[in-house]
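Here is the structure we will look at, set down as structure tokens.
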Amino acid sequence: MKQFWTICSFAGTVLAAGAISASAAQLSSDARSAIPHDVQQMVVIDYHVMQNSSAAMELRGQVMPPELISLEEALRKSGLNDNHDLEQLAFILYRATAGSDEVRTVGIAQGQFPVQEVLANFRKQKVKGTVVRTNRIYPLGSSGMSVVFLDESTMIFGGMSAVRQALDARDGVAPNVLTNGPVMDSMRSVDSEPLWSVLDQKGTQTMMKQVLGEAGSVADYDSVKKRLVGSWYSMNFQHGVKFDLSVVTGDNFSAATVSSLLNAAVLYKKMSGTDADKQALDGTVIRSDAGRLDVHFASSDAQFNALLKSPMFQSMVR
């Protein structure tokens, strides 16, 4: 499950913000229009629901990598008050060009941003922006990140090339995710949750290979991996911790095969894991139906906190 925990590590950055006023991690139409068309994976987080969860905060402390600490610091230095301004954040991995193996990353944040104050701070620090049509992109210190404000409620950040491509998508110069039918269908299945993610076919194949571990090396998986169409998952930190993953295969045989392989991987982990690992795996339900694989995990906050300290979890986030 390394792919899952890698995404959660990004989500952990958001938990530091503890913002105030959203009920679900749904992106505005303006934010969605700035997402490039060829999405491989996207994760979206709502702070309001998650900020009061001890399990969510423990997750953040365990998995936030140095790169995201640098991003958090760069945003703070830009003049944003991360205790009050941020509400939702989307983290998007996308292919730079259609059919390309080059993957780039861009972030989109929503909230109530004091844009004029931030721009005044940039001017005070003599930070010069790069003009792209009617937009102005500013560097975020020495972080290698840049930021542009679409308005007082939406900003885009990331490497300069990624920010430019997001602006091209938003301004109609390049196609955006709104014309990507499979990804939009996946989003509609999950975007009412406080933390959710969608993956395209290639992203799903990569995730399942990592989830299955050694079981993913067997011939059965090779025979069905091309049938993995897409996937989505969500986490909810209300009343304990709940994780739900759905993988669309398109046919019952492929879904049943992947389900069998995943159950075998779980059995192997149960035999070699700690008591916390075994308890977590006992709380995991795997089933297939109508061409779809579904995985559900639930635990109390205390059980989840114990799992975070287990060798199995530590191996997943390294």
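The values are calculated or read from the model by the stated rules, or taken from the named source; none is laboratory data. Note that this is a predicted model, so its numbers are computed, not measured. Note that each Cβ is placed from the backbone with ideal geometry, even for glycine, and that neighbours are counted across all protein chains shown.
Just to be sure, is Asp220 under 30 Å from Asp185 (Cα atoms), surrounded by 14 or more Cβ atoms within 10 Å (Cβ to Cβ) and modelled with pLDDT under 75?
Values: under 30 Å from Asp185 (Cα atoms): yes; surrounded by 14 or more Cβ atoms within 10 Å (Cβ to Cβ): yes; modelled with pLDDT under 75: yes.
Criteria met by Asp220.
Checking Leu150 against (1) at negative phi; (2) outside any strand (DSSP E or B); (3) under 24 Å from the mean Cα position of the chain (by Cα), which single condition isn't satisfied?
(2)
Kindly list the number of the only condition in (1) touching a Leu at 6+ places or on another chain (Cβ under 6 Å); (2) under 25 Å from Thr154 (Cβ atoms) that fails for Asp191.
(1)
If you go through the stretch 87-104 one residue at a time, how many are surrounded by 14 or more Cβ atoms within 10 Å (Cβ to Cβ) and modelled with pLDDT of 85 or more? Break it down stepwise before answering.
Step one: list which residues in the stretch 87-104 are surrounded by 14 or more Cβ atoms within 10 Å (Cβ to Cβ), which gives 87-96, 103-104.
Adding the requirement that they be modelled with pLDDT of 85 or more leaves 90-96, 103-104.
Within the stretch 87-104, residues that are surrounded by 14 or more Cβ atoms within 10 Å (Cβ to Cβ) and modelled with pLDDT of 85 or more number 9.
Among Ala166, Ala162, which is the only one that is in the same structural domain as Ala34 (by TED's automatic domain parsing), modelled with pLDDT of 90 or more, surrounded by fewer than 24 Cβ atoms within 10 Å (Cβ to Cβ) and touching a strand residue (DSSP E or B) at 6+ places or on another chain (Cβ under 6 Å)? If you could, list the steps in order and put the result at the bottom.
On the way: Ala166 fails: surrounded by fewer than 24 Cβ atoms within 10 Å (Cβ to Cβ).
After applying the criteria, what remains is Ala162.
Could you check the stretch 175-189 and list, in sequence order, the residues that are β-branched (Val, Ile, Thr) and more than 16 Å from the chain's Cα centre (by Cα)?
Passing the criteria: only Thr179.
In the stretch 190-298, which helices (runs of 4 or more DSSP H) lie fully inside it and hold 3 or more residues that are more than 24 Å from the chain's Cα centre (by Cα)?
Numbers: elements: 201-212, 219-224, 252-272, 275-282.
Passing ranges, in order: 219-224, 252-272, 275-282.
Condition first: at pLDDT 80 or above and either exposed (fewer than 14 other Cβ atoms within 10 Å of the Cβ) or in the same structural domain as Asp38 (by TED's automatic domain parsing) (or both). Can you find one or more residues in the stretch 232-246 that meet it?
There is no residue in the stretch 232-246 that is at pLDDT 80 or above and either exposed (fewer than 14 other Cβ atoms within 10 Å of the Cβ) or in the same structural domain as Asp38 (by TED's automatic domain parsing) (or both).
Scan the stretch 106-136 for residues that are surrounded by 16 or more Cβ atoms within 10 Å (Cβ to Cβ) and within 23 Å of Val43 (Cβ to Cβ) and report the count.
Adding up the residues that qualify gives 7.
Of all residues in the stretch 252-295, count the ones that are free of Cβ contacts under 8 Å to residues at least 40 places away in the same chain, under 19 Å from Met207 (Cα atoms) and of a type in the set (Lys, Arg).
Selection size over the stretch 252-295: 1.
Taking Gly172, is it assigned to a loop (DSSP other than H, G, I, E, B), over 30 Å from Gly144 (Cβ atoms) and more than 15 Å from the chain's Cα centre (by Cα)?
No: the conditions fail for Gly172.
Select from the stretch 105-137 the residues that are touching a Lys or Arg at 6+ places or on another chain (Cβ under 8 Å) and not in a loop (DSSP other than H, G, I, E, B) and write down the one among them that is farthest from Gly203 (Cα to Cα).
Here is the first cut: in the stretch 105-137, the ones touching a Lys or Arg at 6+ places or on another chain (Cβ under 8 Å) are 129-130, 132, 137.
From the residues that got through so far, the ones that are not in a loop (DSSP other than H, G, I, E, B) too are 130, 132, 137.
Working: Thr130: 33, Val132: 31, Ile137: 29 Å.
Among those that are touching a Lys or Arg at 6+ places or on another chain (Cβ under 8 Å) and not in a loop (DSSP other than H, G, I, E, B), it is Thr130.
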